[in-house]
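**Student:** Quick one: structure below, then a few questions.
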Amino acid sequence: MKPKAKILVGTASWSDPGFVEHWYPKKMPAGERLAWYAQHFEMVEVNSSFYSVPEPRLVERWSHNTPDGFVFDVKLHQLLSRHSANVKLLPPALQKMAETDARGRVKLTPKIEQAMIGEFVRPLEILRAADKLGALLLQLSPEFSPRKHELTELEELLAAFHGYRLAIELRNRNWVEDEHLDTTLAFFREHSATLVAVDAPAQKHFTIMPPELNPITNPALAYLRLHGRDARAYTTGKTVAARFNYDYSDAEIDEVAERSRDLATEAKEVHVIFNNNALDYAPHAALRMRKALGQMIPPTARQSALF
């Protein structure tokens, strides 16, 4: 590992229903959860921003409720990540200017894309001013495929977020298959974007990225997201909790820890995000991951062991 390489471990969101029911202390007020979370982890991936642009006052509270050095990775809005987005999920000012189809789905135009980026900058700058902004995560839709799209379609977005660390998670395997792999890696390296690595089922399905893929496309940052290893759940689950319903074993955690150390030999910083958000699986796995990495953490028993 490089002398200054840092591995940060956290979960995708801190307020999932499973966390509230099974991980946080019983009857803990919602406003106290982030501070409690920050006693156990040094970072978190903000998931709510995928559905709505965070209000600046809310982001200020996030910053106030976490200690110095705590890191927020922020997932970009689903419209920017080429998912189908209902116009009601846009900020009010953008709802009036958006072009929509008969079902109220927003048409992604250069104008609306730049406007959405502009909406994100203010809350991001609050975190950056507090030295708490990690990376921006662009989680692309599986529909964004090399058969229908070109990576160059992302260039205006990449240019608009120049100066931020940007991690891009491809959700269509074809971008890294056969002749597409070299072209994809070259694009990411040219734009200093981090290609998100995944821990996922070892099944060749177009929505599952190869879990053995570990290229470093930006030496400043490696980003690893853990989705669980249940292929049936991943491909047939109707909800996020159902798709990523997986409880990592201690042996699997050790594997992930070793993979993270390998990434840290080439990247200055590694972010490891557990996205297996069913019940208390993600925080429990992330705590064991920190232990496997030799990071000091306060002991936390699982509620199933307490009640």
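**Student:** Simple spin-label model, 7 Å along Cα-to-Cβ: Ser52 to Thr100 in nm?
**Tutor:** About 1.6 nm separates the two model spin labels.
**Student:** Counting only C-alpha contacts under 8 Å and six or more residues apart, can you give the relative contact order of the stretch 55-189 as a whole percent?
**Tutor:** About 28 percent, as a whole number.
**Student:** State, as an integer percentage, the relative contact order of the stretch 206-255 based on alpha-carbon contacts under 8 Å between residues 6 or more apart.
**Tutor:** Relative contact order here is 27 percent.
**Student:** Modelled label-to-label distance, Arg61 and Glu266, 7 Å Cα→beta-carbon offset: nm?
**Tutor:** 4.2
**Student:** What are the trypsin sites (Lys or Arg not before Pro) within the stretch 39-131 that DSSP puts in a loop, where the Cβ has at most 10 other Cβ atoms within 10 Å?
**Tutor:** Arg103
**Student:** Determine which residues of the stretch 106-139 fall in the zone a paramagnetic label at Ser84 would reach in this model, i.e. backbone nitrogen under 12 Å from the point 7 Å along Cα→Cβ.
**Tutor:** So the set is 106.
**Student:** Which of the GluC sites (Glu not before Pro) found in the stretch 163-236 are loop residues per DSSP with 13 or fewer other Cβ atoms within 10 Å of their Cβ?
**Tutor:** Glu179, Glu212
**Student:** On a 1.4 Å probe surface of the protein chains, which of Leu181, Leu195 comes out largest in accessible area, and what is the full order?
**Tutor:** Leu181, Leu195
**Student:** So, in Å, what gap is there between the alpha-carbon centers of the stretch 169-186 and the stretch 15-33?
**Tutor:** For the stretch 169-186 versus the stretch 15-33, the Cα centre distance is 38 Å.
**Student:** Probe 1.4 Å, all protein chains in place: accessible area of Trp14 in Å², nearest 10?
**Tutor:** For Trp14, solvent-accessible area is about 30 Å².
**Student:** With the dipole of the stretch 18-91 worked out from charges on the C-beta (+1 for Lys and Arg, -1 for Asp and Glu) around the Cα centre, which of Pro91, Trp36, Leu80 lies farthest toward the positive end?
**Tutor:** It is Pro91, whose Cα lies furthest towards the positive end.
**Student:** Separate question: So for Asp199, Asp178, Asp68, what's the accessible-area order with a 1.4 Å probe, most first?
**Tutor:** Ranked list, largest accessible area first: Asp68, Asp178, Asp199.
**Student:** Does the stretch 173-307 classify as rounded, prolate or oblate by the C-alpha gyration tensor (a ≥ b ≥ c root eigenvalues; a/c under 1.5 gives rounded; else a/b over b/c gives prolate, otherwise oblate)?
**Tutor:** Oblate.
**Student:** Right, another one. Calculate, for Trp36 and Thr239, the FRET efficiency according to 1/(1 + (r/R0)^6) with r their C-beta to C-beta distance and R0 35 Å; round to the nearest 0.05.
**Tutor:** For R0 = 35 Å, the calculated efficiency reads 0.85.
**Student:** Lys/Arg Cβ at +1, Asp/Glu Cβ at -1, dipole of the stretch 233-293 taken about the Cα centre: which of Asn275, Thr239, Val256 is farthest positive-ward?
**Tutor:** Of the options given, the answer is Thr239.
**Student:** Can you put Asp247, Asp16, Asp131, Asp73 in order of accessible area, largest first, using a 1.4 Å probe?
**Tutor:** So, going from the largest accessible area down, we get Asp131, Asp247, Asp16, Asp73.
**Student:** Placing unit charges on C-beta atoms (Lys and Arg positive, Asp and Glu negative, everything else neutral), compute the dipole magnitude of the chain about its Cα centre in debye, rounded to 20.
**Tutor:** Dipole of the chain, to the nearest 20 debye: 780 debye.
**Student:** Would you calculate the separation in nanometres between label points at Arg122 and Thr109, each defined as 7 Å from the Cα along the Cα-to-beta-carbon direction?
**Tutor:** Modelled inter-label distance: 2.3 nm.
**Student:** Please report the relative contact order for the chain, taking Cα pairs under 8 Å with a sequence separation of at least 6, and give it as a percent rounded to a whole number.
**Tutor:** About 22 percent, as a whole number.
**Student:** Right, another one. 5 Å is the cut-off here: which amide hydrogens, built 1.01 Å from N in the peptide plane, fall below it relative to Val196, excluding neighbours closer than 5 in sequence?
**Tutor:** Sorted by chain and number, the residues that satisfy this are Ile168, Glu169, Leu170.
**Student:** Arg232 to Arg147: FRET efficiency via 1/(1 + (r/R0)^6), r the Cβ-Cβ distance, R0 22 Å, to the nearest 0.05?
**Tutor:** 0.30
**Student:** Another question, if that's okay. Treating only the Cβ of Lys, Arg, Asp and Glu as charged (+1, +1, -1, -1), what charge dipole size does the stretch 1-110 show about its Cα centre? Round to the nearest 20 debye.
**Tutor:** Dipole size: approximately 240 debye.
**Student:** Amide H of Tyr248: which non-local residues (sequence gap of 5 or more, or other chain) have their own amide H closer than 5 Å, using H built in the peptide plane?
**Tutor:** It is none; the list stays empty.
**Student:** Let me ask something additional. Under a Cβ-only charge scheme (Lys and Arg +1, Asp and Glu -1), can you give me the dipole magnitude of the stretch 30-75 about the Cα centre, in debye to the nearest 20?
**Tutor:** So the dipole magnitude of the stretch 30-75 works out to roughly 160 debye.
**Student:** Around Leu133, which amide H atoms from residues at least 5 apart in sequence, or from another chain, sit under 5 Å from its own amide H, with H modelled in the peptide plane?
**Tutor:** Long-range HN contacts for Leu133: Phe72, Arg128.
**Student:** Now for a separate question. Enter the Cα centre distance for the pair the stretch 219-261 and the stretch 120-163, rounded to the nearest angstrom.
**Tutor:** When both Cα centres are located, 22 Å separates them.
The values are calculated or read from the model by the stated rules, or taken from the named source; none is laboratory data. Bear in mind the structure is a predicted one, so any value in this text is a computation, not a measurement. Glycine also receives a Cβ, built like all others from the backbone with ideal geometry; neighbour counts cover every protein chain displayed. Keep in mind that these areas ignore ligands, DNA and RNA; they rest on the heavy atoms of the full protein, side chains included. Shrake-Rupley method; radii C 1.70, N 1.55, O 1.52, S 1.80 Å.
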